[in-house]
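The values are calculated or read from the model by the stated rules, or taken from the named source; none is laboratory data. None of the values given here were measured: they were computed from a predicted structure. Because the Cβ atoms are built from the backbone with ideal geometry, glycine has one as well, and the counts that use them run over all protein chains shown. SASA here: full protein model, heavy atoms, side chains in, ligands and nucleic acids out. Shrake-Rupley method; radii C 1.70, N 1.55, O 1.52, S 1.80 Å.
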Amino acid sequence: MKTGLMWVTAGIILAFMGFSANAQQTTADGDLVVERAWTQATDADNSSAAIYFTLRNTGQATIDLIGARTQRASIEVLHKTEFDTTGTARMSAVPELRGALGETLKLEPGGMHVMLIDLEMPLVEGETLPLRLEFYDGDDITIDVPILAADASGPQE
Ligand SMILES: [Cu+2]
């Protein structure tokens with residue numbers, strides 16, 4: 001009985017940790033901290049999604065995010081949204097996102113993001129999406145990205 005209760009309690013704590021939009025996730029060597037990860041729910045008509053988070057460089061060197069991987073999509077690319085002379089938003093692939101010493105990279109709507117293309121199935125609000133971030137120095141970190149409402153504009157403070 002007691003063991004069962006412990007597992008239930010642990011499950012509840014983990015569920016809260018997984019769902020907290022502002023949960024911090026840090027690489028093993030402590031060189032960077034990922035915060036405020038989120039994405040939007042998608043429907044069957046939309047097979048792509050953008051993922052946002054902030055990346056805080058807490059180490060002694062420049063960090064270079066060079067890729068992302070998830071089981072949930074066929075293709076993952078680093079994207080940047082820029083506005084052309086007519087004010088139209090255009091996304092283009094970038095080879096890396098670089099964060100200098102002490103810098104915080106903000107991936108947010110209208111700017112940098114991780115683009116998931118060809119989703120296996122729609123992203124459901126309330127669930128989380130595991131996403132592995134890969135860095136030039138060989139570091140990697142798997143973050144849990146909370147899936148917010150389709151019209152969400154970011155995690156609540
Ligand atoms: Cu994009």
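If I compute solvent accessible area with a 1.4 Å probe over the protein chains, what percent of it on the chain is carbon and sulfur?
Percent of accessible area from carbon and sulfur atoms in the chain: 55.
Mind listing the Cα extents of the chain along all three principal axes, in Å, largest one first?
Ordered largest first, the chain gives principal extents of 66, 44, 30 Å.
Which one of Pro109, Gln25, Ala50 is farthest out on the positive end of the charge dipole of the chain, using unit charges on Cβ (Lys, Arg +1; Asp, Glu -1) and the Cα centre as origin?
Gln25
May I ask for the angle, rounded to the nearest 10°, between helix 2-19 and the longest principal axis of the chain, with both axes built from Cα atoms and the value confined to 0 to 90°?
Once rounded, the angle reads 20 degrees.
Rounded, prolate or oblate: which fits region 52-140 when a ≥ b ≥ c are the square roots of the eigenvalues of the alpha-carbon gyration tensor, with rounded for a/c under 1.5 and prolate only if a/b beats b/c?
Oblate.
With the chain treated as a Gaussian network of Cα nodes joined by springs under 10 Å, which of Val34, Val94, Val124 yields the largest mean-square fluctuation?
Comparing Val34, Val94, Val124 in a Gaussian network model of the chain, the most mobile one is Val94.
Per residue, how much accessible area does the chain have with a 1.4 Å probe, in Å²?
Here the residues of the chain average 59 Å² of exposed surface.
How high is the relative contact order of the chain, in percent, with contacts defined as C-alpha pairs under 8 Å that are six or more residues apart?
Rounded, it is 29 percent for the chain.
At 222 nm, what helix-only mean residue ellipticity would the chain give, in deg cm²/dmol to the nearest 500, using -39500 (n - 2.57) for each DSSP H run of four or more?
The helix contribution divided over the chain gives -4000 deg cm²/dmol.
Could you work out the local net charge near Ile75, counting Lys and Arg as +1, Asp and Glu as -1, over the other residues with Cβ closer than 12 Å to its Cβ?
Result for the neighbourhood of Ile75: -1.
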